[in-house]
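The values are calculated or read from the model by the stated rules, or taken from the named source; none is laboratory data. Everything quoted here is computed from the prediction, not taken from an experiment. Glycine gets a Cβ as well: all are built from the backbone with ideal geometry, and neighbour counts include every protein chain shown.
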2 protein chains.
Amino acid sequence: MTTSHAIRHVRVTPIAFRDPPLLNAAGIHEPWALRSIIEIETDSGLVGINESYGDQPMLEALAKAAPALQGLSPWSLNEMETRVSALVKPPAKASEFLGVGAQISLAPGTHVSKNVAKVVSAFEVAMMDLQGQLANAPVVDLLGGAARDRVPFSAYLFYKYAEHIEKPYAPDPWGEALTPEQLVAQARRMIDGYGFQSIKLKAGALPPAQEAAGILALAKAFPGKPLRIDPNANWSVATSLKIVEQLRGVLEYYEDPAPGLDGMAAVARECEVPLATNMVVTDFDEFRRNAERGCPVKIVLSDHHYWGGLRATQRLSTLCSTFGLGLSMHSNSHLGISLVAMTHLCASVPLLNYACDTHYPWQDEEIVEGGRLRFEQGSLRVPPGPGLGATLDRTALARLHDNYLHCGIRNRDDLAQMKKYDPSFTGIQPRF
Amino acid sequence: MTTSHAIRHVRVTPIAFRDPPLLNAAGIHEPWALRSIIEIETDSGLVGINESYGDQPMLEALAKAAPALQGLSPWSLNEMETRVSALVKPPAKASEFLGVGAQISLAPGTHVSKNVAKVVSAFEVAMMDLQGQLANAPVVDLLGGAARDRVPFSAYLFYKYAEHIEKPYAPDPWGEALTPEQLVAQARRMIDGYGFQSIKLKAGALPPAQEAAGILALAKAFPGKPLRIDPNANWSVATSLKIVEQLRGVLEYYEDPAPGLDGMAAVARECEVPLATNMVVTDFDEFRRNAERGCPVKIVLSDHHYWGGLRATQRLSTLCSTFGLGLSMHSNSHLGISLVAMTHLCASVPLLNYACDTHYPWQDEEIVEGGRLRFEQGSLRVPPGPGLGATLDRTALARLHDNYLHCGIRNRDDLAQMKKYDPSFTGIQPRF
């Protein structure tokens, strides 16, 4: 008699963890960031894990789709996708997902329009964790094997306040960052701690000239380190062009300066720095639209959490190389399972030559056994064990789930949070 | 102590098997078709197998690249591709691979310009056969699992002579097919034997009006069966448009009527039947060129043997769905390992809704244990065993290798063969 490795049960646990008051185009991070922890268990008792978004519509979509996995083989990713697609439909009317307002301008991870791709990804990674356990192979091997030994990440800088306006816990150790000097200090602290070789600045929060001064201060303080700036579409075309002129010779790429593909195309026409995006090319349809316009956007910042999974992101890499585009990775607030999955993926994608974004340094919690992951010179090695090579720390899971139950946040809303600091803040973009 | 599954040895055995005198745009099939059988053996004694092209430049490329696999894990497909690419370079000058003359107009499988993709594919499938043995999973599962139970193939009809001009063996049982009546008889015999639900006619060999009459006779004899015609770019744009008008309402798709992307675009502008190709979109660069012209070609006839493997073909399917194209499969003369690999692949690609081409009925040999594969209503099921689910019949391998040693053919040359029948035949295209 052979053991059945069919899927018996899917468990989704929402968690919340401390998040610093980080400023962005849409407002400011709330005190708690939400994620979901997915566990897929087989009849044989194996458990595959993953980490994904934790806002309410995503939890509802996961709950709706989870029963459909029962009885499936962990290898049946195509069938899983078919079943999920049948159960999790994108909303029929645009108005249904435009309700969140300014959130539309931030990470596509918060859009319910991406729910199918997000749920497929949430289950795919956990199923591949199971596959790896069955095959005694790390996920990177299931993806074609390592194309590189270690995956480089970038120092992801934010303008920030010293503490939250509401104070559910003690201030974070990073302090305030509003001036160029404070920004350089933040970068130094992060580079000292992690060894990052590239720097990304989340912009679109302070007046553009002030943010440009920040980049120039970083260029001076860290000569030779590639620099990127991401105003999250909060600048007009004119502002985008003015600022990039001030930053001449300094930027590795210019991420989402102006809104929409039209805005990006207008900037691209007069700007030599390649444009990168995680806002206007966020799915395969948008990829085609960019291609049909002659590719004003030159670098796609992918994210397996909303592109439909690890394998979909590999396919995206083939689209990128076919059309002469570059590829790097976007990130939201996350913990170690997401980071490990990104590492397996990025190790397996030859095209991925840019250091990837990660919010990881902004979190101080961990959900995997062994605690916080250790970077070497800003890079992570792929864990050698089978599957993801990570297991759940159940004590941490219980604690972070308890945070979720008590934190009172159910949907990320940087705009409402910002209104607590500045009731006149509208979030309307482009602001500058 | 763990067992090492590192690759110890790669063995490539050229084989030859009987091939009927099938007519096409470039000339006529020679009495022997060539293939290579690839075996990749691990330290632990596992053997992964595959089947690919067997012409001289391909055998040389395989021989050059094979030692680079030593010590690699069967999972290390990315590293294999890196090593193969470093050793097998495409020819620097176009003239180096244009020497074959009219062959350029046939399957890209004969082009040395595709050598890297062809060698990568040859090794990839054998390595995935090993992966499946290690993981105790069929190759289709390594590709994401089955999207369909069985893979439909089409009846692939040829105009043909009753026997070869040189007679190294007895005539094939199919007899002559030059008239519409003979063509219908050929289709009936093939459909009776295999149950095919679609019909493809290789054209470009006889005067176009005669071939159109063949299609109309087939439409009458097999109502409801999707029909396709493939003149292999041997018709001018004017001829292509004239013939498709005569076939109004009859064709499922129109395969490579006129030469080049220019020719196809000119036909597409005035033709409602979707155009398919295995001649102008044969790699990712050509895919981009078609997309940049607004996709005059609507269906890509892929072939994992020259697209770079099973995984590359899956990626192609994502390119196709992104740009609204269809996908089906091209075929050369082949035996059961290629057929099984196609079946695993096609079962795993949701987009692949057209019946695939296969030359299989034209061969009477087999190289896998258990003998000739059995079709049910024109379809094949994926073998349930691990890996490809096929093992080499070593007696057959020895016999077919002996054929190779004695047949005297080292490169497919349909043009030179045709000159034996008709010294005035030039192969210059478009002929009609």
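Is it the case that region B:307-318 has a residue that's among the charged types (D, E, K, R), surrounded by fewer than 24 Cβ atoms within 10 Å (Cβ to Cβ), within 14 Å of chain A (Cβ to nearest Cβ) and in a loop (DSSP other than H, G, I, E, B)? There is no residue in region B:307-318 that is among the charged types (D, E, K, R), surrounded by fewer than 24 Cβ atoms within 10 Å (Cβ to Cβ), within 14 Å of chain A (Cβ to nearest Cβ) and in a loop (DSSP other than H, G, I, E, B).
Of everything listed in (1) within 14 Å of chain B (Cβ to nearest Cβ); (2) assigned to a helix (DSSP H, G or I), the single unmet condition for A:Ala212 is (1). Being buried (at least 24 other Cβ atoms within 10 Å of the Cβ) and closer than 15 Å to B:Arg269 by Cα is a property that does not hold for B:Ser236. Of the listed requirements (1) buried (at least 24 other Cβ atoms within 10 Å of the Cβ); (2) of a type in the set (A, V, I, L, M, F, W, C); (3) touching a Pro at 6+ places or on another chain (Cβ under 9 Å), B:Trp362 misses just one: (1). When A:Ser302, A:Ser321 are checked against the criterion of being within 14 Å of another protein chain (Cβ to nearest Cβ) and crowded, with 24+ Cβ neighbours inside 10 Å, A:Ser302 stands alone in meeting it.
Of all positions in region A:169-186, at least one carries a residue that is out of contact with any strand residue (DSSP E or B) (no Cβ under 7 Å at 6 or more places or on another chain), acidic (Asp, Glu), closer than 22 Å to A:Leu339 by Cα and surrounded by 15 or more Cβ atoms within 10 Å (Cβ to Cβ).
For the residues A:Ile428, A:Ile409, the requirement of being on the phi < 0 side of the Ramachandran plot and either crowded, with 19+ Cβ neighbours inside 10 Å or basic (Lys, Arg) (or both) singles out A:Ile409. Only residues that are acidic (Asp, Glu) and either more than 9 Å from chain B (Cβ to nearest Cβ) or in contact (Cβ under 8 Å) with a residue 40 or more places away in the chain (or both) were counted across region A:112-145, and they come to 2. Across region B:195-211, the number of residues qualifying as touching a strand residue (DSSP E or B) at 6+ places or on another chain (Cβ under 9 Å) and surrounded by fewer than 21 Cβ atoms within 10 Å (Cβ to Cβ) comes to 3.
Close Cβ contacts (under 6 Å, 6 or more residues apart or on different chains) running from residues in region B:282-296 that are more than 9 Å from chain A (Cβ to nearest Cβ) to residues that are part of a helix (DSSP H, G or I) and surrounded by 20 or more Cβ atoms within 10 Å (Cβ to Cβ) comprise B:Thr282/B:Pro108; B:Pro296/B:Met264; B:Pro296/B:Ala268. If the condition is being within 21 Å of A:Ser338 (Cβ to Cβ), of a type in the set (D, E, K, R) and part of a strand (DSSP E or B), then region A:3-27 contributes A:Arg11, A:Arg18. Only one entry in B:Ser198, B:Ser154, B:Ser240 is over 21 Å from B:Asp357 (Cα atoms) and touching a Gly at 6+ places or on another chain (Cβ under 9 Å), namely B:Ser240. Filtered by the rule that a residue be part of a strand (DSSP E or B) and either touching a residue at least 40 places away in the same chain (Cβ under 8 Å) or farther than 18 Å from A:Val300 by Cα (or both), region A:247-264 gives A:Glu252, A:Tyr253, A:Glu255. Being in contact (Cβ under 8 Å) with a residue 40 or more places away in the chain and under 16 Å from the mean Cα position of the chain (by Cα) is a condition met by at least one residue of region B:36-47. Taken over region B:58-81, residues that are in contact with a helix residue (DSSP H, G or I) (Cβ under 9 Å, 6 or more places away or on another chain), surrounded by fewer than 19 Cβ atoms within 10 Å (Cβ to Cβ) and not charged (D, E, K, R) amount to 1. The residues listed here are A:Val297, A:Val250; of these, the one that is buried (at least 24 other Cβ atoms within 10 Å of the Cβ) and either in contact with a helix residue (DSSP H, G or I) (Cβ under 8 Å, 6 or more places away or on another chain) or at pLDDT 95 or above (or both) is A:Val297. For region B:327-349, the set of residues classified as in contact with a helix residue (DSSP H, G or I) (Cβ under 6 Å, 6 or more places away or on another chain) and not in a strand (DSSP E or B) consists of B:Asn332, B:Leu339, B:Ala341, B:His344, B:Leu345, B:Ala347, B:Ser348, B:Val349, listed by residue number.
Checked against the criterion of being of a type in the set (Val, Ile, Thr), part of a helix (DSSP H, G or I) and surrounded by fewer than 23 Cβ atoms within 10 Å (Cβ to Cβ), the candidates A:Val267, A:Val244, A:Val273 yield just one match: A:Val244.
Inspect all residues belonging to region A:145-154 and state whether any of them is at pLDDT 95 or above and outside the structural domain of A:Leu339 (by TED's automatic domain parsing). No, there is no match, as no residue in region A:145-154 is at pLDDT 95 or above and outside the structural domain of A:Leu339 (by TED's automatic domain parsing). Residues that are within 13 Å of A:Lys118 (Cα to Cα), surrounded by 21 or more Cβ atoms within 10 Å (Cβ to Cβ) and out of contact with any Gly (no Cβ under 8 Å at 6 or more places or on another chain): does region A:43-50 have at least one? Within region A:43-50, one or more residues are within 13 Å of A:Lys118 (Cα to Cα), surrounded by 21 or more Cβ atoms within 10 Å (Cβ to Cβ) and out of contact with any Gly (no Cβ under 8 Å at 6 or more places or on another chain). Among the residues of region B:277-290, is any out of contact with any helix residue (DSSP H, G or I) (no Cβ under 8 Å at 6 or more places or on another chain) and farther than 22 Å from B:Val119 by Cα? No, region B:277-290 contains no residue that is out of contact with any helix residue (DSSP H, G or I) (no Cβ under 8 Å at 6 or more places or on another chain) and farther than 22 Å from B:Val119 by Cα. One residue is enough: does region B:9-29 have a residue meeting the conditions under 28 Å from B:Arg399 (Cα atoms), charged (D, E, K, R) and surrounded by fewer than 18 Cβ atoms within 10 Å (Cβ to Cβ)? So far as region B:9-29 goes, yes, one or more of its residues are under 28 Å from B:Arg399 (Cα atoms), charged (D, E, K, R) and surrounded by fewer than 18 Cβ atoms within 10 Å (Cβ to Cβ). When region B:331-346 is filtered for residues that are of a type in the set (A, V, I, L, M, F, W, C) and within 14 Å of B:Glu124 (Cα to Cα), the ones remaining, listed by number, are B:Ile337, B:Ala341, B:Met342, B:Leu345.
Tally time: how many residues in region A:380-413 are acidic (Asp, Glu) and either within 25 Å of A:Ala135 (Cβ to Cβ) or in the same structural domain as A:Pro14 (by TED's automatic domain parsing) (or both)? So the count comes out to 2. All conditions but one from (1) modelled with pLDDT of 95 or more; (2) more than 15 Å from B:Ile409 (Cβ to Cβ); (3) assigned to a loop (DSSP other than H, G, I, E, B) apply to B:Glu30; the one that does not is (2).
Would you check if there is a residue in region B:165-187 being within 30 Å of A:Glu79 (Cβ to Cβ), within 24 Å of the chain's Cα centre (by Cα) and at pLDDT 95 or above? Within region B:165-187, none of the residues are within 30 Å of A:Glu79 (Cβ to Cβ), within 24 Å of the chain's Cα centre (by Cα) and at pLDDT 95 or above.
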